[in-house]
Amino acid sequence: GDSVTQMEGPVTLSEEAFLTINCTYTATGYPSLFWYVQYPGEGLQLLLKATKADDKGSNKGFEATYRKETTSFHLEKGSVQVSDSAVYFCALSEPNQAGTALIFGKGTTLSVSS
Amino acid sequence: DTGVSQNPRHKITKRGQNVTFRCDPISEHNRLYWYRQTLGQGPEFLTYFQNEAQLEKSRLLSDRFSAERPKGSFSTLEIQRTEQGDSAMYLCASSPLSLGANEQFFGPGTRLTVL
């Protein structure tokens, strides 16, 4: 079945450092891809998404590009802030079936220090 | 705030007791989902409603679990005869019928501890 694999954390960075969190997926078709973020004590929030190959999702300085050839959707940010400390989840869903479940990776914890 | 709300936020119960959680989705969102998240893992799908109809159920949803969404508004998730393995965060999400790419909006979750 479909699955998502994320790099294991925790990832510990200093403020203004460059961030990459790797995500690869396995799917039978061409899924939509998402990054969700979970701040301490809060629910999951959608950070960005991409629905087809070569699409780039971006939000709050974060970016991820849908790479069909490498089945990847790596999350990047050029300069992290302390407020970016959170758990980041990569997820996919089957195309054109908006009612189906999101399949999540295990999550990657990011800790940014000043 | 008109986001997804869940009650209670925390529940501690003894093994063998029944528990019920409630989810209030964003108004006018037709789709409602339940997920379970254990420590160090991503959320896992449990079940999905479109309006009042329960359209999908995961194999994770044993016969001790039941979910309802009467009138297509709020939803409840009941766990009967709880076991220690049921301890987890239970997440609810909703999405509108018209929004593409299955974008779901999550509530804060109900953390269940079974002693």
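Numbers below:
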| item | result |
| --- | --- |
| Single match in B:Gln54, B:Gln50, B:Gln37 (criterion: within 14 Å of chain A (Cβ to nearest Cβ), free of Cβ contacts under 8 Å to residues at least 24 places away in the same chain, polar (S, T, N, Q) and surrounded by 14 or more Cβ atoms within 10 Å (Cβ to Cβ)) | B:Gln54 |
| Output for the stretch A:90-111, where each listed residue is more than 7 Å from chain B (Cβ to nearest Cβ) and either more than 20 Å from B:Gln54 (Cα to Cα) or at pLDDT 95 or above (or both) | A:Cys90, A:Ala91, A:Leu92, A:Pro95, A:Thr108, A:Thr109, A:Leu110, A:Ser111 |
| Qualifying residue in the stretch B:85-94 (condition: within 17 Å of A:Gln38 (Cβ to Cβ), out of contact with any Lys or Arg (no Cβ under 8 Å at 6 or more places or on another chain), within 11 Å of chain A (Cβ to nearest Cβ) and not in a loop (DSSP other than H, G, I, E, B)) | yes |
| So A:Val87, is it in contact with a Ser or Thr (Cβ under 6 Å, 6 or more places away or on another chain) and more than 14 Å from chain B (Cβ to nearest Cβ) | no |
| Residue in the stretch B:29-49 that is more than 30 Å from A:Pro10 (Cα to Cα), part of a loop (DSSP other than H, G, I, E, B), out of contact with any Asp or Glu (no Cβ under 6 Å at 6 or more places or on another chain) and at pLDDT below 95 present | yes |
| Which listed residue is surrounded by 13 or more Cβ atoms within 10 Å (Cβ to Cβ), of a type outside the set (Asp, Glu) and outside any strand (DSSP E or B), from A:Tyr25, A:Tyr88, A:Tyr30, A:Tyr36 | A:Tyr30 |
| Filter pass, B:Gly3 being within 20 Å of A:Gly41 (Cα to Cα), touching a strand residue (DSSP E or B) at 6+ places or on another chain (Cβ under 6 Å), within 14 Å of chain A (Cβ to nearest Cβ) and in a loop (DSSP other than H, G, I, E, B) | no |
| Test result for A:Asp55, within 12 Å of chain B (Cβ to nearest Cβ), without any contact (Cβ under 8 Å) to a residue 12 or more places away in the chain, surrounded by 14 or more Cβ atoms within 10 Å (Cβ to Cβ) and charged (D, E, K, R) | yes |
| Qualifying residues in the stretch A:58-68 (those that are under 24 Å from B:Gly109 (Cβ atoms) and more than 11 Å from the chain's Cα centre (by Cα)) - the one nearest to the other protein chains (Cβ to nearest Cβ) | A:Asn59 |
| Some residue of the stretch B:79-89 being within 30 Å of A:Pro31 (Cα to Cα) and modelled with pLDDT under 95 | no |
| Some residue of the stretch A:69-78 being within 14 Å of chain B (Cβ to nearest Cβ) and over 15 Å from the mean Cα position of the chain (by Cα) | no |
| Output for the stretch B:15-59, where each listed residue is charged (D, E, K, R), more than 11 Å from the chain's Cα centre (by Cα) and within 22 Å of B:Arg81 (Cβ to Cβ) | B:Arg15, B:Lys57, B:Arg59 |
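The values are calculated or read from the model by the stated rules, or taken from the named source; none is laboratory data. Predicted, not measured: the structure shown is a model, and the values here were computed from it. In this analysis, Cβ positions are derived from the backbone assuming ideal geometry, glycine residues included, and neighbour counts consider all displayed protein chains.
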